[in-house]
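A.B. asks: Provided herewith is a single structure, encoded as structure tokens, for subsequent inquiry.
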Amino acid sequence: MLKAVLFDIDDTLFPTTEFALRARRDAVAAMVATGLDFPEEVVLAELLEVISEFSSNYDHHFNKLLNRLDPNGKRYRDPALVVAAGVAAYHDTKFKNLLPFDDVIPLMEYIRSRGWICGIVTQGWATKQAEKLVRLGLLPHLDWGAIFISDTIGINKPNPKLYQLAARSLDLVPSQVMYVGDNPGHDVAPAMALGMPAVFAKRASRWKLDEVDATHTISDFNELRAILTAY
């Protein structure tokens, strides 16, 4: 019998990839408007390369960007002002547009109305992932004892031990816990390996479900709610 539904965050509960690109485009536009003398598409391409090389958790993307575009500083004014413009624009977009998909909260309310645990298993820095949950307005709809962040636990996806620990912490066996995520290799495969029913949420996914089987594949959470009625 199902007793818990746990979710990934990024590109599962909100369109992380789409949102991040929008925020980065706004940051680039602000930097160019503040005196960075390069075409926006050139700046964006270099910024995405910086992020790819140094990860999205790196704290000095924009400083590194300026160093790479123009090491001698001849094609921008005050570097502090250019960086500040980029940071401010990025965060303005972040604060205004960080919203869950429309069907997320109704689904979570349904899960809890069934008496099931509603929680999170996510990979990333604890402060960043926790901030997303707060800004998305999801905390009131989650069981706080069912929020598992890899940075806090010390186990990263796709290690099945992360999912095993989540089930054990809830005093459940894996077959009682459904996991919902957008990444076949990191979300679906490890959950399935433990015997968890696993749902591939393809709505905002960058991945295709090729070599990994999922218990269910969904386009949105209305479909998942219909599936859950059978549990």
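A.B. asks: Counting only C-alpha contacts under 8 Å and six or more residues apart, can you give the relative contact order of the chain as a whole percent? Display every interim value, and only then the final one.
C.D. replies: Details: 367 pairs, mean separation 55.9, N = 231.
Answer for the chain is 24 percent.
A.B. asks: Continuing with this model, one more query. With r defined as the distance between the Cβ atoms of I153 and K74 and R0 fixed at 45 Å, what FRET efficiency is calculated, to the nearest 0.05? Please report the intermediate quantities before stating the final value.
C.D. replies: On the way: r = 47 Å, r/R0 = 1.05.
Computed FRET efficiency for I153 and K74 comes out at 0.45.
A.B. asks: A further question on this structure: Enter the angle in degrees (range 0 to 90, nearest 10) between the Cα long axis of helix 104-113 and the first principal axis of the Cα atoms of the chain, meaning the one along which they spread out most.
C.D. replies: 30
A.B. asks: I'd like the distance between the alpha-carbon centres of region 212-227 and region 37-59, rounded to an integer number of Å.
C.D. replies: Cα centres, region 212-227 to region 37-59: 35 Å.
A.B. asks: A further question on this structure: Find, among the trypsin sites (Lys or Arg not before Pro) in region 154-227, those assigned to loop by DSSP (not H, G, I, E, B) with at most 16 other beta-carbon atoms within 10 angstrom. Intermediate values should be presented prior to the final figure.
C.D. replies: Numbers: sites: K161, R168, K202, R203, R206, K208, R225; in loops: K202, R203, R206, K208.
The qualifying sites are R203, R206, K208.
A.B. asks: In whole Hz, with x marking every Gly and Pro, tabulate ³J(HN,Hα) for region 195-205 from phi via Karplus 6.51 cos²θ - 1.76 cosθ + 1.60, θ = phi - 60°.
C.D. replies: x, 7, x, 10, 10, 8, 8, 8, 3, 10, 5
A.B. asks: Could you point to the label whose value was computed as Rg and Dmax of the Cα atoms in Å for the structure here, given (1) 17.6, 56; (2) 18.6, 59; (3) 19.9, 65?
C.D. replies: (3)
A.B. asks: Let me ask something else about it. Kindly provide the trypsin sites (Lys or Arg not before Pro) of region 49-103 that DSSP labels as loop, not H, G, I, E or B, and whose Cβ sees at most 12 other Cβ atoms within 10 Å.
C.D. replies: Details: sites: K64, R68, K74, R75, R77, K94, K96; in loops: K74, R75, R77.
In loop regions of region 49-103 (DSSP not H, G, I, E or B), the sparsely surrounded trypsin sites (Lys or Arg not before Pro) are K74, R75, R77.
A.B. asks: While we're here: Using Cα atoms only, what is the angle between the long axis of helix 160-169 and the major principal axis of the chain, expressed in degrees (0 to 90) to the nearest 10?
C.D. replies: Around 60 degrees separate the two axes.
A.B. asks: To test your reading of the geometry: what angle, between 0 and 90 degrees and rounded to tens, separates the Cα axis of helix 79-97 from the longest principal axis of the chain?
C.D. replies: That works out to roughly 30 degrees.
A.B. asks: Principal axis extents for region 17-97, Cα atoms only, whole Å, descending order, please.
C.D. replies: Cα extents, longest axis first: 34, 25, 21 Å.
A.B. asks: What is the set of long-range amide H partners of M178 at a cut-off below 5 Å, with H atoms built 1.01 Å from backbone N?
C.D. replies: Excluding prolines and chain starts, which carry no amide H, the hits are K3, A4, V5, L6.
A.B. asks: Moving on. Please work out the C-alpha center-to-center distance from region 160-189 to region 68-125 and express it in whole Å.
C.D. replies: What the calculation gives is 25 Å, centre to centre.
Since every read-out is calculated from the coordinates, none of them should be taken as a lab result. The model shown is predicted, which means the values in this text are computed figures rather than measured ones. Positions of Cβ are backbone-derived with ideal geometry, glycine not excepted, and every protein chain shown enters the neighbour counts.
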